[in-house]
Structure formats: C-alpha cells, structure tokens
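Laboratory data are not the source of any read-out in this text; all were calculated from the coordinates shown. This is a predicted model, so every value here is computed, not measured. A quick note on method: Cβ atoms are made from the backbone with ideal geometry, for glycine too, and the neighbour counts reach across all protein chains shown.
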C-alpha cells in the first residue's frame, strides 16, 4: 500500500507545537528526527549503553506524518502553512520547509519498533512492548503493562499519557469505574485496572483503535467482565452516550484541547457527584482555553500538572 510522507523542517524549539498542529489538522503517527543528544535517563529507558556517533545538534528537526494517497495535498498544505503563521507568535519554527513524498508500507510501518523498549512510565509501572522480554531488575511489585500500540495512539512514553496516568493513580479508589475517552491503544484503561479500578469503558472515534485496545486487554489478562469499548464520538453521538451510561468515578481523556473543550460540556452527565475528570493532551498555549471551558461547564479545578509543554487538569463537578 502506498502512502504520502508529509515532512516539515523546523527547529527543536518548535517541535511540540508543530506536533500539536499536526494533531489538530488530523495527522497521526507523528515522527520526529533531530540531533538532540540523549540524556542518561533516556539511555536507561531505552536500555542503550553505547550510541552511534551522531551529528552535532544544530537545533534543527524534521516532524513527519503519513497520509493516504487520496489526500488533497493542496488543502493539507494550506492548513499547515496557516497553522505555522499562528505558531510564529509563540516560537521560532525555523525554515518551515514542507515536503511530500510517496512511500510504501514496508519503508516505515514497523521501523519504530526498533526504538520502543521496556521503560518505567511511573515508579513501579513498567511498560513492556509485546515483542520484548522483561528487563533484568524487574521487581515483583512492579505493575507490568504489555502493549502493542499497532497504529493506535498510546505507548505510555509521551508526557500527556504519563500526566494522565499519574492523576489516575492519585484519584483511584478500589473498585472504581473508569471511563477512557479516546482510548487509543487502551493503555490508560489497562493502567487504571491494574491500579485498582473495578471496570473500565473505552471509547474512540477510530474503529482500529478499539480493536487494538481489545487485543492489548487480552495481552494483559483483562476480560470482557472488566473492560468494554465502543466506537464513536461521545460529544454528539446520543446512541453512544446511552451505551456508555453514567456513574463513573474517574473519566480520563488524553486527546486534544480542541476536543476536550466541547467534551467538558457533555462529560459531567456520565460522572458520579464526586467523580474526577482528568484531561490531558493539552499544549500549554491552549491551557487557558481549556481551563475556561471547564469552569464554564460547572467544574472546579482540583489540580494542574505540567510536563515540558504539556498540561493536564483534574477537575470535579462544582457543588
């Protein structure tokens, strides 16, 4: 199968904002190439002792994604260029050289697996790719999450997922009901169930993501009694809203600010009175917009967490 690789030459300073822009216009599976040296922490996570000699870090980076050959490239180019003009108010995007190149599946679809190694997303929560062995030093008390994201979002390595996971652990009650909106690979539902949730329900607009989530549940010994998932948009799909129902102790949404904002107007109806709404995937330039939406829709902010350029909120219904 043929695909078109969309690449944008930019600066390392602008990578997070460019990635958020790609997400907002519907580009998924983002790839980042730069010459930033790995920290000791990064090396330990990737179980790498000796690295090949890399070019000097010149501050440049290339952000890429893939689209189908039926994509209107002219329209996509216009959206990216318009978004770049807005981003120039916040950062230096550098050269902004945009290119489109036709590729074959075999050129890229599994290449990323070479770099996805077991790592600790949090203390005692170990993320293990399904094709890797448990690393030496794994402790009995570690919660091991075996994951194969396939083409769905969610390896646990990104700041947004970690922020969500930390808040889920912080607000978890034994036997809690968890709703995972935009479940992707199912990693947050798996983490929630391993941290003590009694049941989890996932939703995603991508049918493939729901399939991958089910596969990952099986890898982790989670049954249909503990987890179920539905395809659809919870914001405006009334049939899905009825299927999902209410009474959730925790709702987690690791999506995008522009989705969380309208979701905040719907989600309270699915929560218990003392339930907690955890939202992540929010680039820091959108922080105020999300906060205003939460307050407008009757939430009280309990906690704001931040890692690098990414923000998450924990909120409860205001009484």
- Message: Just to be sure I understand the model, the point goes 7 Å from the Cα along the line to the Cβ. What's the resulting residue 239 to residue 71 distance in nm?
- Response: 3.0
- Note on the structure: One finds the C-alpha centres of the stretch 215-237 and the stretch 266-295 to be spaced, in Å, by 22
- Note on the structure: Relative contact order in percent for the chain (Cα pairs under 8 Å, 6+ apart) equals 14
- With a ≥ b ≥ c taken as the square roots of the eigenvalues of the C-alpha gyration tensor of the stretch 268-313, please select rounded if a/c is under 1.5 and otherwise prolate if a/b is larger than b/c or oblate if it is not? prolate
- Note on the structure: Here, residue 307 and residue 85, labelled 7 Å along Cα→Cβ, have an inter-label distance in nm of 3.5
- Item | Sorted by Cβ density within 10 Å, fewest first, the residues 160, 228, 203 | 228, 160, 203
- Message: Order these by the 10 Å Cβ neighbour count, fewest first: 162, 199.
- Response: 199, 162
- Calculated [θ] (222 nm, deg cm²/dmol) that DSSP helices of n ≥ 4 give over the chain, each run adding -39,500 (n - 2.57): -8500 deg cm²/dmol
- Message: Give me 201, 304 sorted ascending by neighbouring Cβ count inside 10 Å, so fewest comes first.
- Response: 304, 201
- In nm, to one decimal, how far is the modelled label at residue 92 from the one at residue 124, with both set 7 Å along Cα→Cβ? 4.5
- Task: If a/c stays under 1.5 just call it rounded; otherwise compare a/b with b/c (prolate if a/b is bigger, oblate if not). Do that for the stretch 154-317, with a ≥ b ≥ c from the square roots of the Cα gyration tensor eigenvalues.
- Result: rounded
- Stretchable slack from residue 211 to residue 60, in nm (0.36 nm times residue separation minus alpha-carbon distance): 50.7 nm
- Message: Tell me whether the stretch 220-280 comes out rounded, prolate or oblate; compute the Cα gyration tensor, take square roots of the eigenvalues as a ≥ b ≥ c, and use a/c under 1.5 as the rounded threshold.
- Response: rounded
- Query: Working out 0.36 nm times the residue gap between residue 99 and residue 173, then minus their Cα-Cα distance, what length gain in nm do you get to one decimal?
  - Reply: 21.8 nm
- Query: With Rg and the Kirkwood Rh both taken from Cα atoms, where does Rg over Rh land for the chain?
  - Reply: 0.96
